[in-house]
């Protein structure tokens, strides 16, 4: 029992995991989900349908139509998300990748919020509402107040974080005080936030002077995240903040006493209570921090990407955040890369719809399938015939018993 | 009905829980399976009841080989089982619980609970069970719940009844009643497979005894075999459970409980105006049947209960109303009764579990930042000091054996200077080797001058460790008596009889018993060596 | 709750008790608010409630209530109940259920009177209000029944939304292709069951957390229906998205009874099916052998297993049945409410159904009543927009969610769901 014995397993573990365990399953899950998505695309393609009519006469036509329907969509998706060769416009070939990073930004931060709560054993279905509240607060300070540069942005960011934290923390408080289930609470809080925002967007304080469209004035320039990849891209400082948030959450979970408490109440709340952890306080704190992280997404939306506030401020980022956190297995860096992947899907899907007419909804299908597959490794392994060995072993056991 | 187990083997991964076990239960016989915790008794019963599929071996009923795909098959074959943890739905009535799975129905699948109730009344009267079919199970005392379990088996016309550690939750008096019921059942032709590790009961009721150790049958014995012989067979070596601890050297009384009352969440008074005090360098052991307020007493000391009144003082400081953390900081070491539920985070590493209640203190943390190196270093020394058998400090605690898990909890709580040490069921489900080790550590702590409170439902353990014994009944202290109080007196006290009364009642009872022994030539007279065949 | 404190154990002076002050506090806040906003600050004009409709067999004159006075009287009733609850609480008891019911009824009536009295038009049809509530409640009731069936066997069903949406889509598609509303409805049941089967397989066979599967399934169904809507239904709208409607079946005479006639006896087949389903599920759960086993599986699966009940099979089929019921509820959107499918047509009602199930304490009849209450709030939202009350419609839309938050946090915070809900059952 020396210090080597304590630290050694970690280093060998990583390699082991990649080859045998969860990382491989994750990759295969993504692949499998893309295949199913491809089948859906091909099945509804017009060329495929017309060639199917004479399938028995010339099956090759059908098969090639089938193949090209699926691949064309995915090639368009890739070009829209990562790299568009030969594009000469103002955005250049790297435009898509910048767009991916931009869209990934709110996914990452709210994904971190969901992941952090997961680690504490809490289902934070409420990122959607937390984004709305934070976006509303941040936007209001951004367009209604006029402050010097730096200070204004700082205030907007802090207000956004606090708004999200309050909305999340309130759920934590109700859960800690009354034992109400956070899944129900967060779902209901999402709707309350949405309707409150819709109401605010009918009041003069939030509207452009003399207009009744539910859209606020543009935020002051001093309240906006600076662009970080040059003026031609939308990529803003929020992405750097998201990287910072990932590092912070990693430290919080793995190196801080607070993270120790969070993980303890997540893994065994009764033991945590017996060990002197104030479970109520930790529950409120973790929900507040989770809300604050989702709040960063709200800030990224109003002070970075959209620059105005509408009732679509959260889009579906709050719900996507759940799948992001699940794909990332609730680890900070896993969530970061899952956010990038889903950001790429989102960015690419727009291009895909323009080029091939494949609806954006296919991204939802692929996204949810990925999470389902990842959550059920035995299923993925069965599809790829990876647990044949085990099955054989099991059947001999059963045979022996019979 | 004759029940035979032939060469039953059950493995879980690489672990062999049952290794070629042979047992024959003759019709109308009470056959006892004797073995320590973790010897594989319960696994065997689950195989027999169709809950596990055996890896190898066969079950024969009246000479015919049968295979059970589930409990349904076992019941159809006439096997009934009373589980150690009752299999009753708490929010159902007695009748609903009895009906479940063997429902009598009217046309259209509608329940006919009246028919079931009639059956319950009939059985209840026949055996003097005194069970109300309309009572909600969660409102019943454990003794009555156990009878409901027996009724469940009888309604299904069980010919063989398996009783898995049935006396663990009973008072000595309730135990006697149960033994009577068993004899009655036997008289009416039911075979009983009685699983226990309590030698006295086993000797009192069995017709034949099979001893199991580490998943293997190590011998069979006659109930007339002596207690020491049976114990040696069960444990695998001569047992000398006596610690031989030095007499206590009590110092100042630093820990006092005055008028402590604890309400359960349903409003019931689980601890009811309780007074206790413990001096430095003294072990006070709390005896009592499970569920008489012991759990709540210790939890109230730690500050885990909301609805507490009265006073608990340590070194003159009031503990009631303080948070768990404050109580721990006041120098209270606490070993909860259920280590996997309350004592450990199974998915955390051994190292993390070793600082589970010290994580935010130096040297492990400075401000918010924790130091993984310090945590790992602490683990190394504790693992050595307490001889915790683990591959490394990074191993998840959940992967360790029960004994080693308990050592982790104990190592953590004893790793800092204490002003009070509270341990509930300190050796529950722990192998004999570890029991001795853990008991020594507890006595060492006492000898450092720490007041120690032990709660145990095992009378042996109480007597072993205690300097004084407090007996709890229905949340009240029935009496505080010296360590050398006769067990029978303790037994009566555990049923609520005050100390003096219990003592006098016991002497009269002994007289009658003595008379009975003389006239019938039974009793302990049969304790002759040589009746054990290993 | 308080009855568990045995008589004779009344506590001395500094009594400790497990009974919280939550309920008296909530009652107090609500009754003071009612007295203030509906009474003292209430509208001066009076509110009229139409009871009979023109086609009814006999006519009842409309009910006219003075705005302010009604608010004050009802507010005082509520205050009285609050005071009583405080007195009972002091004795360690809580108020009986009927008093709570009176309280809620007084609140609703005071609220309505204030709303209608303060509106531009001081008139509202009670029959229309209630009838519309039932109409809006139909999918909620089916959804919450699905939840009841799943949770009673220990499976949390967050996927009600997906089951409703899947049902709505399939009903529209199959109804259009076959020109049969009935076939559309049956297909919707199959679709709902299929969604449920995925939930069942992943949570029972692969032991994936039930909440996760539910959340993800909602996204999946939303994606699939959205995808096919864009690629199939929209391009060929005429053939694929014009389902026939399920006609209202009018039971002569009975349907002409004022107020309750249209609610009970002038419904589509799905409306009638709703009443039947609530009753059948209730009877089956609490009066039959099947129900006893189902409840045992949800409360104590291990006990059920030791009695020879196949826990996972029971769970699988119950969850599937629940999905089928929710699917029928979904078909209501496209076969009765409107006549074609649009993206996200279920609009989050699956979550309100979930709320109704909890508010209704996992009981089919409770869930039914809760769903009616939420349907009522939903209906009120559109009505207040029409008659022009001072309260923004967004707040009315918020109401079901706020009520649910209050319910889970305060009034039913202590109520017990099935003990094993959410726990996968694995044999040791």
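Take chain B, drop everything but the C-alpha atoms, weight them equally and run the Debye formula without solvent; then report log10 I(q)/I(0) at 0.11, 0.12 Å⁻¹ to two decimals.
-1.11, -1.29
Report, as an integer, the average count of C-beta atoms from other chains found within 10 Å of each Cβ along B:108-114. Display every interim value, and only then the final one.
Numbers: counts 4, 6, 7, 7, 1, 2, 0.
Average per residue, whole number: 4.
With each pseudo-label sitting 7 Å past Cα toward Cβ, what's the residue B:253-residue B:381 distance in nm, one decimal?
Inter-label distance under the simple model: 3.7 nm.
Hey, what D do you get for the protein assembly as shown in µm²/s if you plug the Kirkwood alpha-carbon radius into Stokes-Einstein at 37 °C and 0.692 mPa s?
Values: Rh = 35.1 Å.
Translational diffusion coefficient: 94 µm²/s.
Kindly identify chain A as rounded, prolate or oblate by the Cα gyration tensor criterion: order the square roots of the eigenvalues as a ≥ b ≥ c, call it rounded if a/c is under 1.5, otherwise compare a/b with b/c, prolate if a/b is larger, else oblate.
oblate
Please report Rg (one decimal) and Dmax (integer) in Å for the Cα set of segment C:18-118.
For segment C:18-118, the Cα radius of gyration and maximum Cα-Cα distance read 16.2, 55 Å.
Modelled label-to-label distance, residue B:306 and residue B:15, 7 Å Cα→beta-carbon offset: nm?
The modelled label-to-label distance comes out at 3.7 nm.
Among C:287, C:205, C:68, which one shows the biggest mean-square fluctuation in a GNM of chain C, springs joining Cα atoms closer than 10 Å?
Residue with maximal mean-square fluctuation among C:287, C:205, C:68: C:287.
In degrees from 0 to 90, rounded to the nearest 10, what is the angle of the helix B:172-187 Cα long axis to the longest principal axis of chain B?
Compared with the principal axis, the helix lies near 20 degrees.
Kindly put C:401, C:425 in sequence by how many other C-beta atoms sit within 10 Å of each C-beta, fewest to most.
With the fewest neighbours first, C:401, C:425 line up as C:425, C:401.
Counting other beta carbons within 10 Å of each Cβ, put A:184, C:249, B:123 in order, fewest first. Can you show the working numbers first?
Working: A:184 26, C:249 13, B:123 18.
Arranged by neighbour count, lowest to highest, A:184, C:249, B:123 become C:249, B:123, A:184.
Averaged over peptide B:267-276, how many Cβ atoms belonging to another chain are found within 10 Å of each residue's Cβ? Can you show the working numbers first?
Numbers: counts 13, 5, 5, 0, 0, 1, 0, 0, 0, 0.
Going residue by residue through B:267-276 and averaging, the value is 2.
Have a look at A:119, A:58, A:198 and tell me which one the Gaussian network model of chain A (Cα, springs below 10 Å) gives the largest fluctuation.
A:58
Principal axis extents for segment B:290-341, Cα atoms only, whole Å, descending order, please.
Computed over the Cα atoms, the extents are 30, 21, 17 Å.
Which ordering of B:181, B:312, A:228 is given by a fewest-first count of other beta-carbon atoms within 10 Å? Don't skip to the answer; put the middle values down first.
Numbers: B:181 19, B:312 26, A:228 14.
Ascending number of Cβ neighbours within 10 Å: A:228, B:181, B:312.
Once segment C:75-147 is represented by equal point scatterers at the alpha-carbon sites, with solvent omitted, what log10 I(q)/I(0) does the Debye formula produce at q = 0.24, 0.27 Å⁻¹?
Listed by q, the Debye log ratios stand at -1.01, -1.12.
Could you compute Rg(Cα) / (2.2 N^0.38 Å) for segment A:155-284, with N its residue count? Mind dumping the intermediate values first?
Values: Rg = 19.6 Å, N = 130, 2.2 N^0.38 = 14.0 Å.
Against the empirical 2.2 N^0.38 Å value, I get 1.40 for segment A:155-284.
To the nearest 0.05, what FRET efficiency results for residue C:60 and residue C:21 with a Förster distance of 56 Å applied to their C-beta separation? Mind dumping the intermediate values first?
Details: r = 43 Å, r/R0 = 0.76.
E(calc), rounded to 0.05, equals 0.85.
Taking every Cα atom in segment B:346-415, find the radius of gyration and the maximum pairwise distance Dmax, and write them in Å.
Taking only Cα atoms of segment B:346-415, I get Rg and Dmax of 11.2, 34 Å.
I'd like to compare B:286-294, B:222-230: which one has the highest average count of other Cβ atoms within 10 Å, and what's the full order after that? Write down the numbers at each step before the final one.
Working: B:286-294: 23.7, B:222-230: 18.6.
Packing proxy ranking, top to bottom: B:286-294, B:222-230.
From the P(r) of segment A:201-341, can you give the percent of Cα pairs sitting at distances over 25 Å?
Value for segment A:201-341 (Cα pairs over 25 Å): 42 percent.
From other protein chains only, count the Cβ atoms within 10 Å of every residue's Cβ in C:107-116, then give the mean.
What the average comes to for C:107-116 is 0.
When the Kirkwood radius is taken over all Cα pairs of segment B:56-194, what Stokes-Einstein diffusion coefficient follows at 4 °C and 1.567 mPa s, in µm²/s?
Numbers: Rh = 15.7 Å.
Calculated translational D: 82 µm²/s.
Between residue C:121 and residue C:276, take the C-beta separation as r, use R0 = 60 Å, and let me know the FRET efficiency to the nearest 0.05.
That gives a FRET efficiency of 0.95.
Cα convex hull of segment B:282-419: mean projected area in nm², to one decimal?
That works out to 9.6 nm², a quarter of the Cα hull's surface.
Principal axes first, then extents: for the Cα atoms of segment C:208-308, list largest minus smallest coordinate on each axis, whole Å, largest first.
Each principal axis gives a Cα extent; for segment C:208-308 these are 55, 47, 21 Å.
Given the -39500 (n - 2.57) contribution per DSSP H run of 4+ residues, what per-residue ellipticity at 222 nm results for chain C, rounded to the nearest 500 deg cm²/dmol?
Rounded to the nearest 500, the figure is -20000 deg cm²/dmol.
P(r) of segment B:345-472 in 10 Å steps, Cα pairs, percent per bin?
Each 10 Å bin holds this share of Cα pairs: 12, 41, 33, 12, 2.
How many angstrom lie between the C-alpha centres of segment C:299-343 and segment B:254-325?
Cα centroid to Cα centroid, the span is 48 Å.
Between helix B:499-520 and chain B, what is the angle of the helix's C-alpha long axis to the longest principal axis, kept within 0 to 90° and rounded to the nearest 10?
30
Considering chain A as a Gaussian network with a 10 Å cut-off on Cα pairs, which listed residue, A:210, A:244, A:291, attains the greatest mean-square fluctuation?
A:210
Starting from the Cα of residue A:150, move 7 Å in the Cα-to-Cβ direction to define the label point; list residues of segment A:222-251 whose amide nitrogen is under 16 Å from there.
Answer for this model: A:222-226.
Would you work out if chain C is rounded, prolate or oblate? Take a ≥ b ≥ c from the square roots of the eigenvalues of the alpha-carbon gyration tensor; rounded if a/c is under 1.5, else prolate when a/b is larger than b/c, oblate otherwise. Don't skip to the answer; put the middle values down first.
On the way: a/c = 2.03, a/b = 1.13, b/c = 1.80.
Since a/c reaches 1.5 but b/c is at least a/b, the shape of chain C is classed as oblate.
Using Cα pairs closer than 8 Å and at least 6 residues apart in sequence, work out the relative contact order for chain C, in percent. Spell out each step's value before the answer.
Numbers: 823 pairs, mean separation 103.5, N = 428.
In percent, rounded to a whole number, it is 24.
Once a ≥ b ≥ c are taken as the square roots of the eigenvalues of the Cα gyration tensor of segment A:259-387, is the result rounded (a/c under 1.5), prolate (a/b larger than b/c) or oblate (a/b not larger than b/c)?
Oblate.
Across segment B:3-235, how large is the tail of the calculated P(r) beyond 25 Å, expressed as a percent of all Cα pairs?
41
Please find the FRET efficiency linking residue B:104 to residue B:64, where r is the Cβ-Cβ separation and R0 is fixed at 35 Å, and quote it to the nearest 0.05.
Between residue B:104 and residue B:64 the formula returns 0.75.
A short reminder: the numbers here are calculations on the coordinates, not readings from a lab. These numbers were taken from a predicted model, which means no experiment stands behind them. Cβ: placed from backbone, ideal geometry, glycine included. Neighbour counts: every protein chain shown.
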